[in-house]
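Step one of this worksheet: look at the structure below.
The values are calculated or read from the model by the stated rules, or taken from the named source; none is laboratory data. All values derive from a computational prediction rather than experimental measurement. No Cβ is skipped: glycine too gets one built from the backbone with ideal geometry, and neighbour counts run over all protein chains shown. Quick note on the areas: whole protein, heavy atoms, side chains included, nothing else; ligands and nucleic acids left out. Shrake-Rupley method; radii C 1.70, N 1.55, O 1.52, S 1.80 Å.
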Amino acid sequence: MDKKLNFASIPSSAYVHIPFCRRRCFYCDFPIFVVGDRSRGETSSTISHYVELLIQEISITQSFGQPLKTIFFGGGTPSLLAIDQLQQILASLERHFGIVPGAEISMEMDPGTFDLAHIEGYRSLGVNRVSLGVQAFQAELLKVAGRSHSIADIFAAVELLRKVEIPEFSLDLISGLPHQSLEDWQDSLFQAVAIAPTHISIYDLTIEPGTAFGRYYKPGDRPLPTDETTVQMYQMAQQVLTGAGYEHYEISNYAQPGHQCQHNRVYWENRPYYGFGMGAASYVDSKRFTRPRKTKEYYQWVEAGCIVDCEVTPVNEVLLETLMLGLRLAEGLSLETLGAEFGEKKVEDIHQFLQPYFDKGWVEVIEGRLRLSDPQGFLFSNVVLAELFAEFGE
Ligand code: SF4
């Protein structure tokens, strides 16, 4: 018999991972499968097979009876999906969970991977939010980063999004790339603002071991920007984007008023969500589970019946996750909610422990909410969170 959950634990969001890219960017360590510069869902048997397994996974996942309010197709490059593949995935989500009318349906897309027919098809299926992976507006930096698109592709993609009147669209930019100067970064910010998307995400490059960048560059060494320059880049983004009317609502995210990403808010507010596909994480019934990150293992896992085998997360880990995610939001966390969930004594302990950071002005309590200040607290979030982990991790 199906297990019942309390209402707050029932997901109404789903993440769907589409792990295919034309090539691997030099900084990327995501679970993806490289299909080559000409492949896409219409012609690739690898993508078709994956979509079949994804639908199988969706159909055997337990539904708790709440329809989906947000769906996020992330990757990888979801815009490599054929229109009928997206239709099949959405139909299986609709059949199995239900989708509320007007649900936020987001899709990550890369310039150069879709044409007018694709974006019209996706739009007609309900996609109403696009996150476009631009990363930089300088041809030489796109090359340095191993991106598979050109500057012309970026502007062509924006034109297509405008043509089909996608109501929400976001541009992703990366700071801290090798050879990237402060002037390059400023130019990218200005060009993004000139396009006037409803949302802009800013990511600071992390050099991951096992990537091409991990082999060629050492954090702190040239041609990577210095720590001082990356701090200036973060501050510059904050100034340029808030100056252009965007709200800095999360450490890495800016939105025009009323245009925040509802799906990502589910993660930051530590609310439950389903996850489907290779390497995708889910959070259901207080249990986090990450699916196998390699193609073969994921296929075997689905064929064996998608057994989710994980322990209930211990309460101290739930506390740390709540802090780590909630402090990413500009509005921070409600102390009252924190107290109701983890006890008043714990809230007092946290408050006392954070006193040195209150003194530095990195942490503050405004209208009953604990939050990092902007930009100082956000800039030093790693320090504050590392200290919280060390203190409350046991
Ligand atoms: S497009 Fe995204 S997922 Fe694909 S290789 Fe580049 S960074 Fe990784």
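Quick notes
- Residues within region 53-69 that are in a strand (DSSP E or B) and open to solvent by 10 Å² or more (accessible area, probe 1.4 Å), tallied: 1
- When GLY41 is tested against (1) closer than 22 Å to ARG271 by Cα; (2) open to solvent by less than 30 Å² (accessible area, probe 1.4 Å), exactly one condition is not met: (1).
- Checked against (1) under 21 Å from the mean Cα position of the chain (by Cα); (2) open to solvent by 10 Å² or more (accessible area, probe 1.4 Å), ARG162 passes all but condition (1).
- Hey, SER79 buried (at least 16 other Cβ atoms within 10 Å of the Cβ), within 16 Å of the ligand (Cβ to nearest atom) and in contact (Cβ under 8 Å) with a residue 24 or more places away in the chain or not: yes
- Extreme residue, modelled with the lowest pLDDT, among residues of region 1-33 that are among the aromatic types (Phe, Trp, Tyr) and part of a strand (DSSP E or B): PHE33
- Residue ID - nearest to TYR246 (Cα to Cα), chosen from residues in region 374-394 that are of a type outside the set (A, V, I, L, M, F, W, C) and over 22 Å from the mean Cα position of the chain (by Cα): GLN376
- Note on region 357-376: among residues that are within 16 Å of HIS248 (Cβ to Cβ) and among the aliphatic types (A, V, I, L, M), the one that is least open to solvent (accessible area, probe 1.4 Å) is LEU372.
- Checklist (1) within 19 Å of HIS199 (Cα to Cα); (2) in a loop (DSSP other than H, G, I, E, B); (3) within 16 Å of the ligand (Cβ to nearest atom) applied to PHE73, failing item: (2)
- When region 28-66 is limited to residues that are farther than 16 Å from GLY146 by Cα and of a type in the set (A, V, I, L, M), the one that is nearest to the ligand (Cβ to nearest atom) turns out to be ILE47.
- GLY146 vs. criteria in the same structural domain as PHE114 (by TED's automatic domain parsing), farther than 26 Å from GLU104 by Cα and either touching a residue at least 40 places away in the same chain (Cβ under 8 Å) or open to solvent by 60 Å² or more (accessible area, probe 1.4 Å) (or both): yes
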